[in-house]
Amino acid sequence: MSTSNNAPRLRIYRSMNAAPAKTIVFGAGGFVGRHLLAAYRRSDPSAVGTARTSAAGLAAFDFADPSLSRLDGAEQGAEYAVIAAAMTNIGRCEQDPQGAYVTNVVGPLALAEQLHARRITPIVFSSDYVFDGITGSYGDGAALRPCNVYGRTKAELEHRLPEVCGDDYLVIRLSKVFGLRRGDKTLFDEMAARFAQGLPVRAAIDQVFCPAWIDDVVHAVLELQRIGARGTYNVCSSEASSRRDLAVRLAAAMHVSADLVEPISLDDLGESFVRPKRTSMVCNKLWNILPAGFRSLESCLQDIASQYLVRKEVA
Ligand SMILES: NC(=O)c1ccc[n+]([C@@H]2O[C@H](COP(=O)([O-])OP(=O)(O)OC[C@H]3O[C@@H](n4cnc5c(N)ncnc54)[C@H](OP(=O)(O)O)[C@@H]3O)[C@@H](O)[C@H]2O)c1
């Protein structure tokens, strides 16, 4: 792929209270894309989002054929495009490496090249799975050493994005992202739902990561856009914890026995592929921009626990 537009861009810095830049969201049917589109639509109800197949309020856009012309000009006037569509299931990527490559590398690069040619800055999501998980505490510029198909697709996307966009891109490298709504089936909700039924939760002691609340991720993306940031940013909590420790803390917050937490190793999952174990990241660049950091994991755990606590009838 060739770099089609290398003219210097004007970086726009917005004031704190200004509306976000006009942004189109590819993959707005997914967890991250859905929340980002909602944030953009709060100030611009006409913000465009896409899903693989057309859905209410979303245009159809499939990475199998990532031609911007399919949008009939809906991208016009946008300064940024969030590319949140991806094959995100790790096991599925292993079973269908070719499909993972098309969806996570070929499609996003082809789209990013077209966006760049229209002077729209792509915002692309990567993952802590670009690391091998041996040492943990990976900085923004740490060497990428993925150990499974999903991680390899994300690492290749990171490496090749400058080939099509020069330096006019944002890579947001995420750890596990969770919501805090009862029933949203994200990390803590799934644990809390089991605890509430008295069911055990298997949680790995050797999976150490920095999960982040979706609202903090959205805020970070908007803030990076506001200051015109470019390049690659680790975006996750500053607190590294094992899955087991988080489960024990959630059990305490829900006043259920810690015995419901079954400590396991990731190796006990018996998966046919390797998962990186210590994928904690350090967000030095982000904390320069957001010195207050993210909401504490303890506050997040208390929040989800409060939604599952059994309310006693008052006589
Ligand atoms: N959420 C996390 O914890 C996390 C952590 C690290 C990195 N990330 C990265 O952040 C980004 C967003 O993740 P997410 O959690 O929002 O993922 P998600 O909920 O799985 O959503 C991904 C979306 O991509 C769509 N998609 C898949 N294949 C497509 C294709 N060929 N064409 C068009 N759309 C397609 C899916 O549509 P269908 O539903 O139709 O398949 C889905 O709506 C991804 O790049 C992911 O790798 C997420």
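Things to note:
- No other residue among Ala38, Ala28 is in the same structural domain as Arg226 (by TED's automatic domain parsing), at pLDDT 80 or above, within 16 Å of the ligand (Cβ to nearest atom) and part of a loop (DSSP other than H, G, I, E, B) apart from Ala28.
- Taking first residues from the range 147-159 that are under 8 Å from Val130 (Cβ atoms) and within 13 Å of the ligand (Cβ to nearest atom) and partners that are in a helix (DSSP H, G or I) and of a type in the set (S, T, N, Q), the Cβ contacts under 9 Å between residues at least 6 apart in sequence or on separate chains come to Lys154/Asn104.
- Filter result for Leu71 (within 16 Å of the ligand (Cβ to nearest atom), farther than 25 Å from Val149 by Cβ and aliphatic (A, V, I, L, M)): yes
- Residue list for the range 174-233, restricted to those being within 14 Å of the chain's Cα centre (by Cα), over 21 Å from Tyr129 (Cβ atoms) and among the acidic types (Asp, Glu): Asp215
- Any chance Asp128 is surrounded by fewer than 23 Cβ atoms within 10 Å (Cβ to Cβ), under 16 Å from the mean Cα position of the chain (by Cα) and modelled with pLDDT of 95 or more: no
- For Gln98, the conditions (1) surrounded by 23 or more Cβ atoms within 10 Å (Cβ to Cβ); (2) closer than 18 Å to Asp65 by Cβ all hold with the exception of (1).
- Every pair of residues 6+ apart whose Cβ atoms lie under 7 Å, when the first sits in the range 108-121 and is of a type in the set (Gly, Ala, Ser) while the second is modelled with pLDDT under 95 and surrounded by fewer than 22 Cβ atoms within 10 Å (Cβ to Cβ): Ala117/Ser4; Ala117/Asn5
- Some residue of the range 50-61 being without any contact (Cβ under 8 Å) to a residue 12 or more places away in the chain, in contact with a helix residue (DSSP H, G or I) (Cβ under 8 Å, 6 or more places away or on another chain), within 11 Å of the ligand (Cβ to nearest atom) and in a strand (DSSP E or B): yes
The values are calculated or read from the model by the stated rules, or taken from the named source; none is laboratory data. Note that the structure is a prediction, hence the values are computed from the model and not measured. All Cβ positions, even for glycine, are placed from backbone atoms using ideal geometry, and neighbour counts span all protein chains on display.
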